[in-house]
Amino acid sequence: LVLTRKDIVVLVTPIANKGNTATSKESSKKLTSIQNSADSLKNAADELQKTGSKSVFKLVDVEQEDGTTKKDFDVDAIYKKVNQFVESYNGMIDSYDKVSSDSLDRAFKNLTTVTRANSRALSEIGINIKSDGSLSLDKETFQKADMNKVKNLFQGNGSYANQVSARASMIDYAAQREASRANTYNKYGAYSSNYNYSYNNYI
């Protein structure tokens with residue numbers, strides 16, 4: 001395409017994509033996997049932080065062994081949500097797999113650091129950190145645990161779930177930055193393309 005304006009001719013030539021012109025070393029597929037995993041983990045953490053009528057920690061009528069009912073936590077419902085959180089966390093760990101991006105690496109380390117910082121409290125409710133950094137959840141230990149301790153871990157500002165949610169957002173943001181550097185489509189459809197502009201002056 002040639003555009004003329006008086007004595008200036010501007011040639012706008014799209015650069016052909018010969019090989020990999022990306023500045024990021026991460027593949028589009030890997031970055032998409034990381035973003036999806038980060039979203040899943042954030043959603044799982046946010047589900048546990050809901051309050052009021054939508055809170056999984058709201059007291060409900062629970063039938064007792066003697067046939068009477070009393071207000072108590074729905075342990076099965078809480079276990080289900082926490083198990084979803086653990087599965088999402090492990091999905092996040094699986095998607096990491098030695099990324100070369102410094103910003104992504106820092107974001108992942110921030111996530112695992114906050115988990116290690118809460119390892120004792122987590123183990124008390126049946127959640128343990130495995131050698132590969134993923135989590136395991138023992139159902140029997142969890143269901144026998146003090147649900148107030150579980151609530152303190154997964155609900156409220158500064159709680160473990162609150163911190164994980166924030167760090168999942170950081171991972172998502174870092175992956176988006178890498179996607180833009182890689183000149184690849186990210187999950188939002190954004191695309192960064194390269195153009196070569198040459199300016200020739202004629203007098």
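The values are calculated or read from the model by the stated rules, or taken from the named source; none is laboratory data. Fair warning: this is a prediction, and the values are worked out from it, not measured in the lab. Cβ placement follows ideal geometry from the backbone for every residue including glycine, while neighbour counts extend to all protein chains displayed. Heads up: the accessible areas ignore ligands, DNA and RNA and are worked out on the full protein's heavy atoms, side chains in. Shrake-Rupley method; radii C 1.70, N 1.55, O 1.52, S 1.80 Å.
Annotations for the structure displayed:
- For the residue pairs K54/K151; K98/K139; K42/K80, the alpha carbons lie more than 22 Å apart in K98/K139.
- Sequence-separation-based contact order of segment 96-177, relative, with Cα cut under 8 Å and 6+ spacing, percent: 32 percent
- Amide hydrogen neighbours beyond the local backbone of L135, cut-off 5 Å, H modeled: N90, K130
- Protein accessible area in segment 50-193, 1.4 Å probe - carbon and sulfur %: 44 percent
- Spatially proximal aspartates and glutamates relative to K149 (Cα-Cα < 19 Å; intrachain offsets below 8 disregarded): D46, E47, D72, D74, D76, E124, D138, E140
- For segment 36-192, Kirkwood radius (reciprocal of mean inverse C-alpha pair distance, Å): 16.8 Å
- Residue-normalised accessible area of segment 54-164, expressed per residue, 1.4 Å probe, Å²: 57 Å²
- Considering only alpha-carbon pairs that sit under 8 angstrom and 6 or more positions apart, the relative contact order computed for segment 74-144 is 36 percent.
- For segment 56-114, the equivalent ellipsoid built from the Cα gyration tensor has semi-axes of 40, 10, 6 Å, listed from largest to smallest.
- Electrostatic bookkeeping for T51 treats Lys and Arg as +1 and Asp and Glu as -1; over the other residues with beta carbon under 14 Å from its beta carbon, the sum is +3.
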